Amino acid sequence: MEQHQQMSGATRHSPRQRLGARPRRVFGVMVGGLLLAVLLNAPALEQGAERMPYGRERDFWLAVWKPFAAVSRAFFLDEPRNLLDRALGRSDGDLFELPAAPGGEEPGVAPPATATPARTPAPGRGTPAATPTPTPDPRPRLRTPTAADPLRVWIGGDSMVKVLGEAFLRQAAETGVIAATHDPQLSSGLTRPDFFDWPGHFNQLVQSGRYEVFIVMFGANDSQGIKTPDGKIFQPGEEGWTAEYRRRVAGVMDLLGGQDRLVLWVGQPIMRSSEFSERMAALNAIYREEAAKRPWVQFIDLWPLFTTPSGGYDAYLADDDGQVKEMRHPDGVHLVRAGGERAARAILAVLKAEAKIP
């Protein structure tokens, strides 16, 4: 009996030993859980680092998360995240890839003007008087819609078009002959297709053949580093940045045109920050210049609608009815409802004139 008790005592752990083993086990479970969570989210963490402004901090976090992301992809732990990203329209790459034009032209290059051939003099009759050759109007010919067959309009872009688009939907519905679709993608733009693939999204919309008018607005999120197709990175203000951004704007305009589709490209309004206003004014100049090269694109300038009589910024302005109203969000960037309604009226007036809507 005594020998049995001694043997039992030899195998029994003391309370201190049992308590010491339990924290180690809990700690191991916690570490394992954290490691699994990191592996499951490593591609997203890597993508988050890729979306950071180009620079040393971005390079550091990419070096941290890339090994974990590689393991995650090797064991297909990233598939749930990939399915979600595809559903949200997010791209795997950070290059702005434009679909090929139907005629094989280079995307983002305005078509050259068509020259009228000179007449050849008839034998023995000298040089005849030049007869003007009728040139087809290259502008889109919008049909006049009816209640039974309303004009199909798409309006979207970055966060600036959220409140504006909501106002446009209300005003368009009041016409009874416009069916509008609102598609804002917050925090998106033309500089970072790795966050949202606008070329791919626009290509799907065009291929669907559903819309006759595209109303787009970009710029508020675009004043950041940009990557060219050959992998070079430029910052705002640099010549390479301007050239690449212009290529993207022109490419989107070309992609949305054709088949009598009208593109209304909405410019950015003045901002509270003078530095930010200068950046937006530079982008507006690109939009205006590229739109002028394309008969199917009209640039709509919101700048005069939101400036004071002296040309400055003020969140409170006299509206079309003469009453002073709050037009801008406290952040000094976005529009509030009265500002959205004012901008929407200006856009709708252009659209009504093009479609001959009373």
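What follows draws every value from the coordinates through simple rules; no lab data is involved. Quick caveat, the model's predicted, so the values are computed rather than measured. Please note: Cβ atoms are built from the backbone with ideal geometry, for glycine as well, and neighbour counts cover all protein chains shown.
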Counting only residues that are β-branched (Val, Ile, Thr) and either more than 18 Å from Phe96 (Cβ to Cβ) or in contact with a His (Cβ under 6 Å, 6 or more places away or on another chain) (or both), the range 187-215 contains a total of 2
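Okay, residues lined up against (1) farther than 30 Å from Arg337 by Cβ; (2) surrounded by 16 or more Cβ atoms within 10 Å (Cβ to Cβ); (3) not polar (S, T, N, Q):
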| site | (1), (2), (3) |
| --- | --- |
| Pro150 | no, yes, yes |
| Val161 | no, yes, yes |
| Glu174 | no, no, yes |
| His182 | no, yes, yes |
| Pro193 | yes, yes, yes |
| Phe196 | no, yes, yes |
| Val213 | no, yes, yes |
| Ala220 | no, yes, yes |
| Arg248 | yes, yes, yes |
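Count, please, the residues in the range 226-246 that happen to be surrounded by fewer than 18 Cβ atoms within 10 Å (Cβ to Cβ) and farther than 30 Å from Ala344 by Cα.
Step one: list which residues in the range 226-246 are surrounded by fewer than 18 Cβ atoms within 10 Å (Cβ to Cβ), which gives 228-233, 235-240, 242-243, 246.
Retained after the next criterion (residues that are farther than 30 Å from Ala344 by Cα): 228-233, 235, 237-240, 243.
Number of matching residues: 12.
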